[in-house]
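See below for the structure under consideration.
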Amino acid sequence: MMWIPLVIIVVIVLWFVGVYNKLITLRTRTEEAWSDIDVQTKRRYDLIPNLVETVKGYAKHEKEVFEKVTQARTAAMGATSLDDRAKSEGMLTDTLKSLFAVAESYPDLKASENFTKLQDELTDTEDKIEAARRFYNANVRDLNISIQTFPSNVVANMFKFMKKELFETKTEAEKEPVAVKF
């Protein structure tokens, strides 16, 4: 009879350890996913100056577009909070779209192998950023659910696990419906 309370205590301790380890795993996966976003955005930041220089060679009078891209890149690289980072990444995406729109006006530029290669690399990087963002958000969702639901929230509160923010880069332009014209 004396062993029943001991078994109950052991079960409770094992449950606490299991929940704690699950929370640590989820937090580590979230940090890893954020690191993936950092790697891909750094690649993007490294590609942009090359792309701008290539376009400058063909479209010298489009100075305003180049300045906007450079400013958006600088803002994205300097963002400190997740919200600022998300907004600046959205702005950077919008300015890159305007750069590609300018490129459409220059057939020689579009035919340039260097430009095409840079555009393909940037498109590939954008796809990887999107995948990394989805992976990060899925891990944040799982961590936040575990932190907020009973009974794991008891352990999360004891060890001060904090909710994380989702990384959403929706800009006003992305929220507008796509106009289809025939």
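On the basis of the beta-carbon distance and an R0 of 22 Å, Asp127 and Glu165 show a calculated FRET efficiency of 0.45.
Derived scalar couplings between HN and Hα for the range 103-116 equal 4, 4, 7, 10, x, 5, 5, 4, 7, 5, 4, 4, 4, 4 Hz in order, rounded to whole Hz, by the Karplus curve 6.51 cos²θ - 1.76 cosθ + 1.60 (θ = phi - 60°), x for Gly and Pro. Mean separation of Cα pairs under 8 Å and 6 or more residues apart, divided by the residue count, gives the range 33-130 a relative contact order of 42 percent. Charged side chains reduced to their Cβ positions (Lys and Arg at +1, Asp and Glu at -1) give the chain a dipole of some 620 debye around its Cα centre.
Across q = 0.27 Å⁻¹, the range 1-79 modelled as identical point scatterers on its alpha-carbon atoms has Debye log10 I(q)/I(0) values of -1.16, in the order of the q list. Summed over qualifying helices (DSSP H, 4 residues or more, each -39500 (n - 2.57)) and divided by its residue number, the chain shows a 222 nm mean residue ellipticity of -28000 deg cm²/dmol. Take the Cβ atoms of Val39 and Gln148, set R0 to 30 Å, and the FRET efficiency comes out at 0.55. With both labels modelled 7 Å from their Cα along Cα-to-Cβ, the Asn21 to Ile8 distance reads 2.5 nm. Dividing the convex hull volume of the alpha carbon atoms of the chain by its residue count gives 147 Å³ per residue.
With unit charges on the beta carbons (Lys and Arg positive, Asp and Glu negative) and the dipole taken about the Cα centre of the chain, which residue among Phe16, Ile145, Leu82 sits farthest to the positive side? After comparing all options, I get Phe16.
Once the gyration tensor of the Cα atoms in the range 33-130 is diagonalised, the equivalent ellipsoid follows with semi-axes of 24, 15, 9 Å, ordered largest first. Rounded to 0.05, the FRET efficiency of the Glu104 and Asp83 pair, given R0 = 35 Å and the Cβ-Cβ distance, is 0.60. The residues packed around Ala103, meaning those with a beta-carbon under 12 Å from its beta-carbon, carry a net charge of 0 if Lys and Arg are +1 and Asp and Glu are -1. Within the range 56-137, the trypsin sites (Lys or Arg not before Pro) that combine a DSSP coil assignment with at most 14 other C-beta atoms in a 10 angstrom radius are Lys60.
Taking Leu51, Leu14, Leu99 in turn, the Gaussian network model of the chain (Cα-Cα springs below 10 Å) assigns the largest fluctuation to Leu14.
Here, each number is a calculation from the coordinates, and none is a lab measurement. Small disclaimer: the values here were computed from a predicted structure and weren't measured. No Cβ is skipped: glycine too gets one built from the backbone with ideal geometry, and neighbour counts run over all protein chains shown.
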